[in-house]
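The values are calculated or read from the model by the stated rules, or taken from the named source; none is laboratory data. Note that the structure is a prediction, hence the values are computed from the model and not measured. Glycine gets a Cβ as well: all are built from the backbone with ideal geometry, and neighbour counts include every protein chain shown.
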Ligand code: ADP
Ligand code: MG
């Protein structure tokens, strides 16, 4: 849907609005939904233009989940709605539009207003990058005139880059900030800069800003002329004590097809990396996203969050995608409470894709133990300490270790984030009971039979 046309977007949105108007009171629909439209679709994001700041806030805080379900129902994909107002768009363009004779570029490259420092969860994997970004936002053009953030896809580079832009826009609105991705640049370059005059104009346009935020420079691979153009901009910014920030999904040393001389300059200021987040950071990110979407954290069992964090920690983007899918699944099944069983059902296909074998078996073990002891999966993986539940939990943990040979920490993540000593204790306990206790022997034997059948 990346390349949808305006009329396709219009049609999609009309269909969604028709659903929304059926499902909501007329006053609500008229007040917040009626005058919305799709501004653009960018990757997995749908930018929805709202009539007012109030409508934007209400939609974002109260209806984000609801709307993303409707959108995903209509498109069978995972899209995240981003709510913007005309002011958000104008903000970016006010410098552009004021000088009417000047051509304006990058009209579609808006800074996502929802990416701020406030909602960026900091953990060991990104704290250096977050500090560097915050430093840059508070002292643009300071001692480090370039900021270079690199890290794998979906780990928060665009979020941090946008947070810098949003921060500067809020605190020092007189500074002119421009955000664009290198892909935007390449598109724009083709569209506008066919001759020398056009190139000069674009150059002049870029030089009129105080801060440039340039996303995904790996896209400039083998684009020699564009790299040279960026280099000239860089030189100009350096001499004028202005700030440029870059992101790349590759280490500087691995950025093939980019002139080494240019790269050395780009990375000569602050250069920081973002790596994959740990489970705790992912849980924190999930909690932040749930609260931001206006949902109640208590709807989700704790073990659901640990399970998802563990499965999707390779990319925060896929972690978010999983949360959207889960919420969608919960809503179509009218589930008011989200436990691990529901979560596993909802995410089965997503989880299977990445690691088919072990996922199916984890679920099989939980299912088998759950039906053997007539307990729910969330009771087994949860925190309640009553006798029969604790016993079933020990058994399940023992089977995880015995049949899947998973690391203790990984098992801990499935069982509400218990630490490895607690997991080890359960395994030892069942080991011991197996030597003397007939009931345990029967249970393990029967369960293994059911799981392997
Ligand atoms: P990248 O640009 O590195 O590919 P993004 O910045 O687009 O990744 O991040 C993907 C998604 O994950 C975004 O929706 C972003 O808000 C979210 N995200 C990534 N890291 C964090 C974090 N530390 N805290 C909150 N959200 C995050
Ligand atoms: Mg990005």
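Residues that are surrounded by fewer than 20 Cβ atoms within 10 Å (Cβ to Cβ) and within 11 Å of ligand 2 (Cβ to nearest atom) within the stretch 155-197 comprise just one, 183.
For the stretch 384-421, give me each residue that is under 21 Å from residue 283 (Cβ atoms) and out of contact with any helix residue (DSSP H, G or I) (no Cβ under 7 Å at 6 or more places or on another chain). Selection gives 384, 407, 421. The condition of being under 27 Å from residue 88 (Cβ atoms), within 12 Å of ligand 1 (Cβ to nearest atom) and either without any contact (Cβ under 8 Å) to a residue 60 or more places away in the chain or touching a helix residue (DSSP H, G or I) at 6+ places or on another chain (Cβ under 8 Å) (or both) holds for residue 151.
For the stretch 20-47, a residue qualifies if it is over 26 Å from the mean Cα position of the chain (by Cα), under 16 Å from residue 66 (Cβ atoms) and outside any helix (DSSP H, G or I), and the qualifying residues are 24, 25, 34.
Only one entry of 120, 205 meets the criterion of being surrounded by fewer than 21 Cβ atoms within 10 Å (Cβ to Cβ), within 16 Å of ligand 2 (Cβ to nearest atom) and either modelled with pLDDT of 95 or more or over 30 Å from residue 60 (Cα atoms) (or both), and that entry is 120. For the stretch 219-236, the criterion of being within 16 Å of ligand 1 (Cβ to nearest atom) and in contact with a strand residue (DSSP E or B) (Cβ under 8 Å, 6 or more places away or on another chain) is met by at least one residue.
For the stretch 381-406, the tally of residues that are closer than 21 Å to residue 452 by Cα, within 34 Å of the chain's Cα centre (by Cα) and free of Cβ contacts under 8 Å to residues at least 24 places away in the same chain stands at 1. Reported count of residues in the stretch 138-148, each being away from ligand 1 (no atom under 16 Å from the Cβ) and crowded, with 22+ Cβ neighbours inside 10 Å, is 1.
Residue pairs whose Cβ atoms lie under 6 Å apart, separated by 6 or more positions or on different chains, with the first residue in the stretch 171-196 and over 22 Å from residue 249 (Cβ atoms) and the second surrounded by 14 or more Cβ atoms within 10 Å (Cβ to Cβ) and at pLDDT below 85, are 176/95; 192/198; 193/199. Pairing residues of the stretch 107-120 that are under 10 Å from residue 167 (Cβ atoms) and in a loop (DSSP other than H, G, I, E, B) with residues that are more than 14 Å from ligand 1 (Cβ to nearest atom) and modelled with pLDDT of 95 or more, at Cβ distances under 7 Å and at least 6 apart in sequence or on separate chains, gives 117/167. Among the residues making up the stretch 32-42, those that are out of contact with any strand residue (DSSP E or B) (no Cβ under 7 Å at 6 or more places or on another chain) and surrounded by 16 or more Cβ atoms within 10 Å (Cβ to Cβ) are 32, 33, 41, 42.
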